[in-house]
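Each remark here refers to the structure printed beneath this line.
The values are calculated or read from the model by the stated rules, or taken from the named source; none is laboratory data. This one's a predicted model, so the numbers in the text were calculated from it and none came from an experiment. Neighbour counts are summed over all protein chains in view; Cβ atoms, including those assigned to glycine, are modelled from backbone coordinates with ideal geometry.
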Amino acid sequence: MSALTPQSDMPTPTTDKITQAAMETIYLCKFRVSMDGEWLCLRELDDISLTPDPEPTHEDPNYLMANERMNLMNMAKLSIKGLIESALNLGRTLDSDYAPLQQFFVVMEHCLKHGLKAKKTFLGQNKSFWGPLELVEKLVPEAAEITASVKDLPGLKTPVGRGRAWLRLALMQKKLSEYMKALINRKDLLSEFYEPNALMMEEEGAIIAGLLVGLNVIDANFCMKGEDLDSQVGVIDFSMYLKEGNSTKGNEGDGQITAILDQKNYVEELNRHLSATVNNLQAKVDALEKSNTKLTEELAVANNRIITLQEEMERVKEESSYILESNRKVTKDRTADGHALTEARKQLKEETQLRLDVEKELEVQIGMRQEMELAMKMLEKDVCEKQDALVALRQQLDDLRALKHELSDMGAKQKSELNSRLEEKTNQMAATIKQLEQSEKDLVKQAKTLNSAANKLIQKHH
């Protein structure tokens with residue numbers, strides 16, 4: 001665009017000022033921006049003379065501001081439309097390296113800067129759109145998180161950088177349209193920052209806020225910790241909109257680069273999730289260590305308390321012994337208290353006798369328990385022996401049955417005699433087995449009875 005600005009041969013201070021003013025607004029005032037399908041049309045207006053004329057013409061400021069608002073609105077339409085179409089065709093999450101996304105933020109920055117009032121500081125005049133964006137958290141409480149995150153970013157040192165970071169976070173949150181609508185609806189607050197005919201104060205600002213709703217369909221992911229947002233130059237690249245918007249062939253040629261960028265974004269996101277998980281686990285470990293330390297301290301305090309109570313108990317016992325001994329000496333010296341001493345001795349004797357009876361009963365119960373345990377062991381031994389005998393008898397029975405089967409080929413008479421003998425012996429062995437099994441059941445019942453009696457004695461002892 002600089003080629004459109006004529007250069008004077010003899011620059012003067014007045015010429016330099018006019019040239020600088022024209023360079024700043026040439027993309028807004030020199031041309032009128034309009035859309036023709038997917039094309040950007042720039043219609044050149046009357047040339048602005050950059051050399052002082054003998055009789056300079058004064059253009060209407062309201063007309064210039066209206067032209068600037070219209071141009072910015074059309075640029076915003078093109079930028080938002082191109083961003084949505086390219087994002088849907090690309091089919092992936094957008095990052096800060098995506099050119100249409102960068103141009104969108106540049107256009108939004110120009111829209112927010114349009115008609116800003118200059119604030120005087122000790123360094124000179126300053127125009128920053130961060131001031132209006134800070135108002136959003138007062139209008140929409142959800143925006144307070146974004147504002148706090150922007151203020152906590154360590155690499156941002158200027159209001160412009162903070163405003164750019166705010167726009168990116170709002171787009172990631174898919175709340176940019178909502179925040180802009182809430183801001184534009186409060187023109188009483190915006191009047192502190194903008195001129196009356198600024199874009200944010202006129203109808204074009206509301207139109208742009210409505211267009212931003214379409215950006216909710218795209219996903220964006222930015223890593224702003226290492227990005228220098230303070231020193232970026234916000235210049236609109238008209239070349240992106242002066243050619244056909246459909247560049248799918250070029251995108252197909254960059255498929256490998258897109259895949260690499262996707263992998264890079266995935267790895268970065270995975271690293272962020274892993275870092276967050278590690279931080280959470282570290283916080284839990286720290287909490288558990290603190291809890292463990294607290295419990296250890298409480299246990300130590302409880303142990304000290306127990307030791308203190310035991311010492312107090314020993315001291316009370318010693319004092320009680322000392323008092324008892326003193327009472328005995330006093331009762332010996334005082335004959336008038338002989339009756340009380342006799343009663344005390346009688347009570348002591350009864351308690352001693354009761355203690356002896358309890359000890360004898362305890363010894364009897366212990367002896368009975370030992371006897372029961374011995375009887376239990378003998379019963380278990382007897383049961384094992386009978387089980388072994390039962391196994392042996394069953395083995396013999398099986399042998400006899402096998403022998404009976406082997407002798408089945410012998411003569412009829414011998415066979416009948418042997419069969420009768422074998423059956424008689426088999427019946428005897430079966431009766432013996434039944435007796436042993438019945439005896440085993442009786443022994444088990446006796447063992448259970450003894451075991452229950454022993455448990456009762458143990459419970460009574462305790």
Residue match in the stretch 340-360 (condition: over 30 Å from Ser326 (Cβ atoms), of a type outside the set (Phe, Trp, Tyr) and outside any helix (DSSP H, G or I)): no
Of residues in the stretch 171-210 being among the basic types (Lys, Arg) and touching a residue at least 40 places away in the same chain (Cβ under 8 Å), the one farthest from Glu137 (Cα to Cα): Lys174
Pairs with Cβ under 6 Å, 6+ apart, first in the stretch 412-441 and within 14 Å of Asp399 (Cα to Cα), second among the basic types (Lys, Arg): Leu422/Lys404
Unique residue being in the same structural domain as Ala447 (by TED's automatic domain parsing), at pLDDT 80 or above, out of contact with any Leu (no Cβ under 7 Å at 6 or more places or on another chain) and not acidic (Asp, Glu) when the list is Lys381, Lys349, Lys413, Lys317: Lys381
Subset of the stretch 148-167 that is surrounded by fewer than 21 Cβ atoms within 10 Å (Cβ to Cβ) and assigned to a helix (DSSP H, G or I) - its residue that is nearest to the chain's Cα centre (by Cα): Ser149
Subset of the stretch 384-409 [modelled with pLDDT under 75 and surrounded by 13 or more Cβ atoms within 10 Å (Cβ to Cβ)]: Lys404, Leu407
Residue among Leu64, Leu133, Leu72, Leu78 that is in contact with a Gly (Cβ under 7 Å, 6 or more places away or on another chain), assigned to a helix (DSSP H, G or I), at pLDDT 80 or above and under 23 Å from Glu203 (Cβ atoms): Leu133
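Just one of Leu135, Leu90, Leu139 is under 33 Å from the mean Cα position of the chain (by Cα) and under 22 Å from Leu229 (Cα atoms); which is it?
On the way: Leu90 fails: under 22 Å from Leu229 (Cα atoms); Leu139 fails: under 22 Å from Leu229 (Cα atoms).
Just one listed residue meets the conditions, Leu135.
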Pair list, Cβ under 9 Å, 6 or more apart: the stretch 213-231 residue over 23 Å from Leu90 (Cβ atoms), other residue in a loop (DSSP other than H, G, I, E, B) and of a type in the set (A, V, I, L, M): Lys225/Leu153; Leu229/Leu153; Leu229/Leu156; Asp230/Leu156
Cross-chain or 6+ apart pairs with Cβ under 6 Å, the stretch 361-388 first and β-branched (Val, Ile, Thr), then outside any helix (DSSP H, G or I): none
Test for Ile207: is it part of a helix (DSSP H, G or I), assigned by TED's automatic domain parsing to the domain that holds Asn89 and either modelled with pLDDT of 90 or more or over 30 Å from Phe105 (Cβ atoms) (or both): yes
